[in-house]
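First the structure, which I've put down as structure tokens, then a few questions once you've had a look.
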There are 2 protein chains.
Amino acid sequence: MQEPFTPTEIKIAVIGGGTGSFTLLSALKNHTSQIAALVNMADDGGSTGVLRDELGVLPPGDVRQCLVALSDSPKVRDLFNYRFDEGTLKGHAFGNLFLTALEKMTGDFAAGVELASEVLGVKGTVEPITLTNVTLVMSDDTGVEVRGEFEISDYDFGGKRPDFRLEPQAEPNPRAIRAIETADIVVIAPGSLYGSLAPALIVPGIGDALRSTKAVKIYVCNLVTKPGQTDGYNVADFADEIERLADGPFLDAVLYNTEKPSDNLMDTYAKAGEKSVEFHKEKFNGKSYVAVGANLLAGSIWQNSSTADPIASSRTLIRHDSGVVANAIIELYDDIRSRQQA
Amino acid sequence: MQEPFTPTEIKIAVIGGGTGSFTLLSALKNHTSQIAALVNMADDGGSTGVLRDELGVLPPGDVRQCLVALSDSPKVRDLFNYRFDEGTLKGHAFGNLFLTALEKMTGDFAAGVELASEVLGVKGTVEPITLTNVTLVMSDDTGVEVRGEFEISDYDFGGKRPDFRLEPQAEPNPRAIRAIETADIVVIAPGSLYGSLAPALIVPGIGDALRSTKAVKIYVCNLVTKPGQTDGYNVADFADEIERLADGPFLDAVLYNTEKPSDNLMDTYAKAGEKSVEFHKEKFNGKSYVAVGANLLAGSIWQNSSTADPIASSRTLIRHDSGVVANAIIELYDDIRSRQQA
């Protein structure tokens, strides 16, 4: 892949968790080695949930995936994502056990992440957004309260925009705050708005850092809505929720997709209640940030890919082309910076 | 530690398994980086046994400990030996999960060991003595048959010297054979004679390699007898059993300890049925190998050690001083080689 011209290394901080942020990290590392992945720490599902329950550790899953995304060692990458499929280890990703062993051994999750980074030959750093062992709690104005990211991820909000908090009160990781303060670009990655981004954005101190940093702050909007949670949300709704969760305004730009997926694909998604996130220009009147559209879709690439794996080659998904998104982020940054300097 | 003068790097192959061989490997790596640890693959106890049962993998435990012994990275060493103490992972050493994940992922235990060696910064190589998934079987002339290294390790042989075999028939690892063939010194490490050394020595092809190699072959004799298995064995008995198990003669020398542990310590050991291995000069008449005695004991060092850990400092054990044993091995090799050349 041809790298765009970057006169000095840009510092990028990426806030997220979930597949969207992992693939975006992989693509952004082609632009700079000065990259910090800031990871939400409320995950309590799957292998991660079992390890938290049984061993009282911080959630390793998303940290592992960020490490893998930023790793330069294909073999160690495969190892970290290897999942045991039998016996009492069944379902555990090896990298989760790695991070858990390090935390139990040193009593220090951050030190464990650092050693894992060394072993994996990671470009940049992975910073837990908090080192407090937290649970995400959702509540709405009818008194409903749902505890735990995994529970919340399946919960039907009934059209409401609920409140979120972390219990106990989270302390921000000073290194995560510093990454935001010193970045040239802060990217808020696409991903589950309430399941992945909310638990990162509501950590006390993150909103302050986002408002005070001189970085260009870009939110990459989701492609489809999530049934029961973001039904009917358009691009502005997503961006507004980002700012609400972290006490904005702070965004400089929202990057959204302009290309329609095929009708066929949309029909498949619609059956699961997922619809394209629409863009309405007029919704951005009076906003403190700009909306920038581009064809960010990877669908066609997947359909035509000549991979050896017939299942992968026939699997068509509505997803971002992370390389295109990464390029668009860098261009948008250059654009905003040169307008600021003009 | 001051290294003895070694004009060129000596190639050493160490056959063993168990604590004695791990500490000896640590000491020998100060003399050469050309070291190959040849590991018995019949272990089926503890974390290793569970992983073999549940996942059908080769036994990782002794390989892990050899890797750790040869590692130059203290942090990764601690990690590999870290044992989970809660939940479903309880009792598993992290390094065992590492090797197991690699074997499951690649289907190739040897490739996994190689990657682990990279990560650990291992000096030399660790070679499973066979890559066949074997069980150690003991039988005696009364028709008794005991299966599995763990079972055998606790079995009372009633004064007999039983026969051992591996099921299914083991294929030797060609790299282990080659390590013996190309070594300057082959060390048969101290350790459980029937639990650790037998399953290595009886692998078909190992005896042939030991007989044909030009290496100096040195057996480091145990310090104490094991109740129910080697009661009353003297130095010559141990050495004879080594040769019987691998179809000798092939030994050049037996290195044994001349220093008596304190009466106090001997009393403690005697309560568990363990006694000093005695040396009787006349037993070596007509043997094809020499017996060389030296003070190899670490007891006094342990008693006087000013460690911060009060339990460790008060724990006095009858054990080899591995540094002294390593030096003695190198001196003995130089001595035998110069006599051969004279």
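Read the figures in this text as sums done on the coordinates, not as results from a lab. Keep in mind that what you see is a predicted model, and the values were worked out from it rather than measured. In this analysis, Cβ positions are derived from the backbone assuming ideal geometry, glycine residues included, and neighbour counts consider all displayed protein chains.
When a/c is below 1.5 the answer is rounded, else prolate if a/b is larger than b/c, else oblate, so apply that to region A:12-341 with a ≥ b ≥ c taken from the square roots of the Cα gyration tensor eigenvalues.
Working: a/c = 1.26, a/b = 1.19, b/c = 1.06.
Judged from the Cα gyration tensor, region A:12-341 comes out rounded (a/c under 1.5).
Further question: For q values of 0.12, 0.15 Å⁻¹, compute log₁₀ I(q)/I(0) with the Debye formula on a Cα-only model of region B:130-272, without solvent.
Once normalised to I(0) and log-transformed, intensities are -0.53, -0.81.
Next up: Other chains' Cβ within 10 Å of B:79-89 residues: what's the mean? Could you put the intermediate results ahead of the total?
Details: counts 9, 1, 1, 6, 3, 8, 2, 4, 8, 9, 11.
That works out to 6 on average.
Also, I was wondering about something else. Let me have the 222 nm mean residue ellipticity of chain A computed from DSSP H runs of 4+ only, each contributing -39500 (n - 2.57), with the sum over all residues rounded to the nearest 500. Numbers along the way, then the final one.
On the way: 15 runs with 138 residues, N = 342.
After summing the helix terms and dividing by the residues of chain A, the value is -11500 deg cm²/dmol.
Relative contact order, percent, of chain A when contacts are C-alpha pairs under 8 Å separated by at least 6 residues?
On the way: 652 pairs, mean separation 55.0, N = 342.
Averaging sequence separation for qualifying contacts and normalising by length gives 16 percent for chain A.
How would A:Ile188, A:Ile336 line up from fewest to most surrounding beta-carbon atoms within 10 angstrom?
Working: A:Ile188 29, A:Ile336 18.
By the 10 Å Cβ count, ascending: A:Ile336, A:Ile188.
Can you give the three extents of the C-alpha atoms in the protein assembly as shown along their principal axes, from longest to shortest, in whole Å?
Principal extents (Cα only, largest first): 104, 54, 52 Å.
Residues of B:140-151, mean number of Cβ from any other protein chain within 10 Å of their own Cβ, rounded to a whole number?
Numbers: counts 0, 0, 0, 0, 0, 0, 0, 0, 0, 0, 0, 0.
Mean partner-chain Cβ count within 10 Å for B:140-151: 0.
Taking the number of other C-beta atoms within 10 Å as the exposure measure, put B:Leu38, A:Leu99, A:Leu251 in order starting with the fewest. Spell out each step's value before the answer.
On the way: B:Leu38 34, A:Leu99 27, A:Leu251 23.
Lowest to highest Cβ neighbour count: A:Leu251, A:Leu99, B:Leu38.
Counting only other chains, and only Cβ atoms inside 10 Å, what mean value do you get across the residues of B:64-77?
Numbers: counts 0, 0, 0, 0, 0, 0, 0, 0, 0, 3, 0, 8, 3, 0.
Average neighbour count from other chains, rounded to a whole number: 1.
Can you put A:Val119, B:Val50 in order, fewest other beta carbons within 10 Å first? Don't skip to the answer; put the middle values down first.
Numbers: A:Val119 22, B:Val50 17.
The fewest-first ordering by Cβ neighbours comes to B:Val50, A:Val119.
Is any helix in chain B, taking whole DSSP H runs, at least 15 angstrom long along its axis by alpha carbon and on average at least -0.5 on the Kyte-Doolittle scale, and which ones? Present the calculation step by step, with values, prior to reporting the outcome.
On the way: long enough: B:94-106 (18 Å, 0.62); B:109-120 (16 Å, 1.33); B:235-245 (16 Å, 0.04); B:322-341 (28 Å, -0.20).
Span-like helices in chain B: B:94-106, B:109-120, B:235-245, B:322-341.
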